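Notes to accompany the following structure.
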Amino acid sequence: MSADVPGRGDRHTVAVVVAVQAAASMGYFAAMAHVVVHLRDDLGLAAGLIGLVLALRNLVQYALFLPVGALADVLNPVRTGVLACALRAVGFALLGTVSSTAGLVVAAVLLGTGGALFHPAAQSLLAGVAERRRARGYAAYTITLQISAVVAPLLGLALLNVGYWLVAAASAGLWATAAFLFSLVRQVPRAPAGGGVVAGVRTALRDRVFMWFAVVSMPTMLMADQAAVVVPLGGADAGAVTVFSCVLAAVSAALQPWCAVGSRAERPAMLRAGMLFVGAGYLLLATGAGGHLAGLVAVAVLHGFGGGMLQPAVFHSIARLAPPTRYGAYLGVRAFFSGLLAFAGGTAVGRLFELGPTGTATALVALALIAFASAAAPRAFPGRGTGAESAVPRETPRGETVKVGPRD
């Protein structure tokens, strides 16, 4: 075997995962950009119930992250990814065809379960390639997501003229395509030696440096989820929501090459700056800026800057803090706590919006304050902490054993 075969294997893995991201993201954003309008206008649901259904998806997804993240380390992440995409395909198909609360709950559970499986599978494959390709691979991965987030809402808006059922059907088809693409991965990270799901979760929970990072970065999921919820709940129509989603994604995509490549994303200042931007976006919404298009675009730009910084900051920080064969477990633990906060926050935001203008302003200001509090929290994760694996040998993705110690 030639010496450059591992490099070709890494390139193939990155190419397939980026293709999976393109199909999955197109399917996700085409449907989710307009789901609130569908639930509000087509099904006539109240704001509180809409918030509860969407928050339930988050709760299921991020509660399952705790065991599923470690499970992706132990099992084949390719099979995990195929199952994830299949579940989401069924979930989106249901979302466009059911009208009862029970049916929507089933759809939310399927979407949440699929998400819990999908993200550890895809990101474990990226985290398992050589470090010099990982940064560029993740940059391509996130840029593809953001480009899809620009294009997909426009696709969804065009299909929405026929009906949301067509939007959901197209989304289901794209997720089925992503399932097939997952099966094309040839190079799969090896399972961790010594221990299964419980051992992986325990290792992450005992890593004090990582757990502090998890606490500080917890609000990122709440900030990202609620940006897509509060704008339509504030009264924006489908066209304005599409403009908001596309501008946000375009700004994030333009920022990703600068943020994701190199060591910038690993610096605590990147996470801090991202939270300041999203906090400023919610504060601007609280002033009533969402009532006119120019203000909505300004909010989208702020959230675009924030999202463009936060996504690579979280990925690269976890990849640096986690042992190579424990990435899924570390991602799962962090996402579990983030999901609990996102569920509680999403439910509260929906209820506050039902109280009228005062409740709406209270919800938006509260989101801004949470973001600012996260930005102000002290950073103490420049390298590995004193977790369970901080003083034992670890394996690199290529199998060389190195000693884990403090990192520069």
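Annotations
Let's see how each residue does on (1) modelled with pLDDT of 85 or more; (2) farther than 27 Å from F343 by Cα; (3) in contact with a helix residue (DSSP H, G or I) (Cβ under 7 Å, 6 or more places away or on another chain); (4) of a type outside the set (S, T, Y):
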{"position": "G163", "(1), (2), (3), (4)": "yes, yes, no, yes"}
{"position": "A169", "(1), (2), (3), (4)": "yes, no, yes, yes"}
{"position": "S183", "(1), (2), (3), (4)": "yes, yes, yes, no"}
{"position": "V188", "(1), (2), (3), (4)": "no, yes, yes, yes"}
{"position": "L205", "(1), (2), (3), (4)": "yes, no, yes, yes"}
{"position": "V209", "(1), (2), (3), (4)": "yes, no, yes, yes"}
{"position": "A214", "(1), (2), (3), (4)": "yes, no, yes, yes"}
{"position": "M218", "(1), (2), (3), (4)": "yes, no, yes, yes"}
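- Among residues of the range 4-36, those that are modelled with pLDDT of 85 or more and under 23 Å from T242 (Cα atoms), counted: 15
- Within the range 304-336, the set of residues being more than 13 Å from S217 (Cβ to Cβ) and under 13 Å from the mean Cα position of the chain (by Cα) comprises G307, G308, G332.
- Scanning the range 178-189 for residues that are assigned to a helix (DSSP H, G or I) and surrounded by fewer than 18 Cβ atoms within 10 Å (Cβ to Cβ) gives a single hit, F180.
- When the range 81-100 is filtered for residues that are among the β-branched types (V, I, T) and either closer than 13 Å to A172 by Cα or touching a residue at least 40 places away in the same chain (Cβ under 8 Å) (or both), the ones remaining, listed by number, are V82, V90, T97.
- Test for T401: is it at pLDDT below 80, buried (at least 23 other Cβ atoms within 10 Å of the Cβ) and of a type in the set (S, T, N, Q): no
- The requirement of being surrounded by 18 or more Cβ atoms within 10 Å (Cβ to Cβ), at pLDDT 90 or above and not hydroxyl-bearing (S, T, Y) is not satisfied by L64.
- Residue under evaluation M1, criteria (1) assigned to a helix (DSSP H, G or I); (2) aliphatic (A, V, I, L, M); (3) more than 23 Å from S148 (Cα to Cα); (4) at pLDDT below 90, criterion not met: (1)
- Condition check for L66: within 18 Å of A319 (Cβ to Cβ) and within 17 Å of the chain's Cα centre (by Cα): no
- Members of the range 28-56 found to be in a helix (DSSP H, G or I), of a type in the set (G, A, S) and surrounded by fewer than 19 Cβ atoms within 10 Å (Cβ to Cβ), listed by number: G48
- Check on V278, under 18 Å from S374 (Cβ atoms), β-branched (V, I, T), buried (at least 24 other Cβ atoms within 10 Å of the Cβ) and touching a helix residue (DSSP H, G or I) at 6+ places or on another chain (Cβ under 8 Å): yes
- In this structure, L166 qualifies as over 25 Å from A254 (Cα atoms) and over 15 Å from the mean Cα position of the chain (by Cα).
- Yes/no for V247 being surrounded by fewer than 23 Cβ atoms within 10 Å (Cβ to Cβ), farther than 21 Å from Y138 by Cα and in contact (Cβ under 8 Å) with a residue 12 or more places away in the chain: yes
- The range 72-93 - residue that is of a type outside the set (A, V, I, L, M, F, W, C) and in a helix (DSSP H, G or I) and, of those, farthest from L104 (Cα to Cα): D73
- Filter pass, F182 being closer than 30 Å to A376 by Cα and within 20 Å of the chain's Cα centre (by Cα): no
The rows are residues; the columns are (1) modelled with pLDDT of 90 or more; (2) surrounded by fewer than 20 Cβ atoms within 10 Å (Cβ to Cβ); (3) of a type in the set (K, R).
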site: G114; (1), (2), (3): yes, no, no
site: A121; (1), (2), (3): no, no, no
site: L126; (1), (2), (3): no, no, no
site: V129; (1), (2), (3): no, no, no
site: R133; (1), (2), (3): no, yes, yes
site: L145; (1), (2), (3): no, no, no
site: P153; (1), (2), (3): no, no, no
site: L166; (1), (2), (3): yes, yes, no
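- Within the range 101-111, restricting attention to residues that are in contact with a helix residue (DSSP H, G or I) (Cβ under 7 Å, 6 or more places away or on another chain) and without any contact (Cβ under 8 Å) to a residue 24 or more places away in the chain, the residue that is nearest to Y62 (Cα to Cα) is L110.
- Test: residue in the range 228-242 that is modelled with pLDDT under 85, small (G, A, S) and closer than 27 Å to P67 by Cα: no
The values are calculated or read from the model by the stated rules, or taken from the named source; none is laboratory data. On a predicted model such as this, the values are computed, not experimentally measured, just so you know. Note: ideal-geometry Cβ built from the backbone for every residue, glycine included; neighbour counts use all protein chains shown.
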